[in-house]
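K.L.:
One structure follows; several queries about it will come next.
Each reported figure results from applying straightforward, stated rules to the coordinates on display, with no laboratory input. All of these numbers come straight from a predicted model, not from anything done at the bench. Cβ sites come from the backbone with ideal geometry, for glycine too, and all protein chains shown count toward neighbours.
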Amino acid sequence: MIYQVYVRSFCDGNGDGQGDFAGLVSKLDYIAALGVDAIWLSPIHPSPNRDWGYDVSDFHGVHPDYGTLDDFSRLLEAAHARGLKIILDEVLAHTSDEHVWFAASRDGDPGKKDWYVWADPKDDGTVPNNWLSVFGGPGWAYQPARRQYYHHKFLRQQPKLNWVNDAAREAALKVLDLWLGRGVDGFRLDVANAYLHDARLADNPAIPAAARGPLEWAAAANMQRHLNDSNLEENKQMLDVIRRRVEAFEDRFVFGEFSEEFERAGCYLPSDQGLHGGYNFALLQAHDAAAIRAHLETLARYPDHWPAIAFSNHDVTRTATRFGDGSAKVMLALLLALRGTVLLYQGEELGLPEVELRRDQLRDPVGDLYYPLFKGRDGCRTPMPWDRGQPNLGFSTGTPWLPLGPAHAALSVAVQDRDPTSVLAFTRAMLKARQTHPSLRQADLQLLDAALPVIAFRRGEILCVFNLGRVAADWTLPGNAQTLAFGTGMAQQRCDTLTLGPSSAWFGRP
């Protein structure tokens, strides 16, 4: 069970309005009391913050906003003293354009000339091919110093590292060696589907207009299948290389984010191949029971794969907003009943809703690009509400880097700590149930027949039933069953019929 901390928004220890290592250390007891095993930190390295840490300018250090290397060491020691592991978010498919590697490549250093993906312009000066950036526009930026374009899958300030180049790949892998040697316990790998590219620079195929849904029309890059700028079948081999590198250090864990072409890129590999686990955007973008059921059916086709499971993170609208009022507890119950390594994003244990921000308050470049149709990712990145009785809800004594959510005051940790019926209390109870019942951690997941919006499955000897709808729903039990104590308490059993209230979860044992 991994708890994700978006460091800049978690807790500010020095009053500058930005979360830091000292603030996180002050809240480690809170995290440990949840009952999690590890903390995944958003990127901590120096960065110009064009993409808020996902554009790394120095893999060897830590961002001064968060503290010093000594401060990080103190965090690591304090976490380990509480039985918590620390997992770093590493971005190795690209760097910042302010990284010394890119400067050397741009300036023609013979040793680093091919460390990035460079290509000549077409005769008329246009881009080399049709590859599009996820964040908008062509996936190429012209660099007059080389009279060439460089590829960027995201912002133009995030040039793609050339993993085909042996020296560049080894430099990236040494980043893992360095931080493992410093005592971290593993890594979450950003865009783990994007290490390789097609050396011929072949165009990506279009998704036919008739086959496009709202997601495909939402951004130009979604109108093509990303088969050549990333997601190559050979990417699976790179995942094996990374795993072997991490496993050279004892008892470490590495999992990855797969943002496209999940099967092709290696998200669903057996547990003895590739990374130790992988997650994708199927559940992160789900808005209803049908989407969740469809993904569970997909996972069932890969029984030897060990998934990482998340409904929310720093990139997507918060779960409570996507699934509606009153959904927080049932979605937490469902998350914590699923097979795999569970990823719980900060604030989800409080049932926080998305924060609505004005355009002038946005810090996310994606929100600025697509506003007002899409307001970016800042709404899920706002500061944690610790105590409604303190300035800035206890996050900082300074001006927070993003506004606090007005509705979050009533959901603060201090408020919920005193309420045995709160979402926080329910989260703690569900995490304890997951620890107490081995089937919820280890057993296979067997989907059972149920009419949506009901989802039902068996984890070993435990029946798990969820009504994600807004009205009560019935489900036929497979014989007599004993109700277990850790559901939402909104279900009634009459003989073999289980009636679930709206947005409710029930657990039982046949």
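K.L.:
Say R0 is 41 Å: what FRET efficiency, to the nearest 0.05, do Arg301 and Ala409 get from their beta-carbon distance?
P.N.:
Once the sixth-power term is evaluated, E becomes 0.40.
K.L.:
List the residues whose amide H sits under 5 Å from the amide H of Ser57, counting only those 5 or more places along or on another chain, with H placed 1.01 Å from N in the peptide plane.
P.N.:
Excluding prolines and chain starts, which carry no amide H, the hits are Ser47, Ser96.
K.L.:
Here is a follow-up. With +1 assigned to the C-beta of every Lys and Arg and -1 to the C-beta of every Asp and Glu, and no other charges, what is the dipole magnitude of segment 445-509 about the Cα centre in debye, to the nearest 20?
P.N.:
120
K.L.:
Still on this structure: Over the chain, what lengths in whole Å, largest first, do the semi-axes of the equivalent ellipsoid take, defined as the square roots of 5 times the eigenvalues of the alpha-carbon gyration tensor?
P.N.:
Semi-axis lengths for the chain are 38, 27, 22 Å.
K.L.:
Quick one: His314, His152, fewest Cβ neighbours within 10 Å first, how do they rank?
P.N.:
His314, His152
K.L.:
Using a Förster distance of 56 Å, how high is the FRET efficiency between Arg74 and Arg200, based on the Cβ-Cβ distance and rounded to 0.05?
P.N.:
0.70
K.L.:
My understanding is that a pair violates if its Cα-Cα distance is over 20 Å; which of Lys153/Lys174; Lys122/Lys236; Lys27/Lys85; Lys112/Lys160; Lys160/Lys236; Lys85/Lys160 do that in this structure?
P.N.:
Beyond 20 Å: Lys153/Lys174; Lys122/Lys236; Lys85/Lys160.
K.L.:
If you don't mind, another one. Can you work out the FRET efficiency for the pair Asp417 and Lys174, with r the C-beta to C-beta distance and R0 = 30 Å, to the nearest 0.05?
P.N.:
The computed FRET efficiency comes out at 0.10.
K.L.:
Using only the alpha carbons, work out the radius of gyration and Dmax of segment 236-320 in angstrom.
P.N.:
Final numbers for Rg and Dmax: 13.6, 41 Å.
K.L.:
Separate question: How big is the antiparallel share of DSSP beta bridges in the chain, given as a percent to the nearest 5?
P.N.:
55
K.L.:
Based only on other Cβ atoms within 10 Å, what is the fewest-to-most ordering of Val330, Val366?
P.N.:
Val366, Val330
K.L.:
Taking the simple approach of a point 7 Å from Cα along Cα-to-Cβ for both Leu484 and Leu448, what is their distance in nm?
P.N.:
Between Leu484 and Leu448, the label points sit 1.2 nm apart.
K.L.:
Measure out, as a whole number of angstrom, how far apart the alpha-carbon centroids of segment 345-382 and segment 397-413 sit.
P.N.:
First find each Cα centre; the distance between them is then 13 Å.
K.L.:
Between Ala209 and Ala294, how many nm apart are label points set 7 Å from Cα along the C-beta direction?
P.N.:
2.3
K.L.:
List the equivalent ellipsoid semi-axes of segment 90-162 in whole Å, largest first, each obtained as the square root of 5λ for an eigenvalue λ of the Cα gyration tensor.
P.N.:
That gives 18, 16, 9 Å for the three semi-axes.
K.L.:
Normalise the Debye intensity by I(0) for segment 445-509, one equal point scatterer per Cα, no solvent, then take log10 at q = 0.12, 0.19, 0.24 Å⁻¹ and round to two decimals.
P.N.:
-0.23, -0.61, -1.01
K.L.:
Measuring from a point 7 Å past the Cα of Tyr30 along Cα-to-C-beta, which residues in segment 296-326 have an amide N at less than 11 Å?
P.N.:
none
K.L.:
Let me ask something else. Give me the angle, in degrees from 0 to 90, between the Cα long axis of helix 423-436 and the longest principal axis of the Cα atoms of the chain, rounded to the nearest 10.
P.N.:
90
K.L.:
Shifting gears a bit: For Lys122 and Asp272, compute 0.36 nm times the residue count separating them, minus their Cα-Cα distance, and round to one decimal in nm.
P.N.:
49.6 nm
K.L.:
Same structure again: Between Ile39 and residues 5 or more places away or on another chain, which pairs have amide H atoms under 5 Å apart, with H built 1.01 Å from N, and which residues are they?
P.N.:
When sequence neighbours closer than 5 places are left aside, the close amide H contacts are Tyr3, Lys85, Ile86, Ile87.
K.L.:
Then there is this: For segment 380-510, what D do you get in µm² per second when you plug the Kirkwood radius from alpha-carbon pairs into Stokes-Einstein at 37 °C and 0.692 mPa s?
P.N.:
Calculated translational D: 194 µm²/s.
K.L.:
Please work out how much length the chain gains when fully extended from Asp368 to Ala220, using 0.36 nm per residue of separation minus the C-alpha to C-alpha distance, in nm with one decimal.
P.N.:
51.7 nm
K.L.:
How would Ile207, Ile31 line up from fewest to most surrounding beta-carbon atoms within 10 angstrom?
P.N.:
Fewest to most other Cβ atoms nearby, the residues stand as Ile207, Ile31.
K.L.:
With a Cα-only, solvent-free Debye model of segment 77-225, what are the log10 I(q)/I(0) values at q = 0.09, 0.14, 0.19, 0.21 Å⁻¹?
P.N.:
Once normalised to I(0) and log-transformed, intensities are -0.36, -0.77, -1.15, -1.31.
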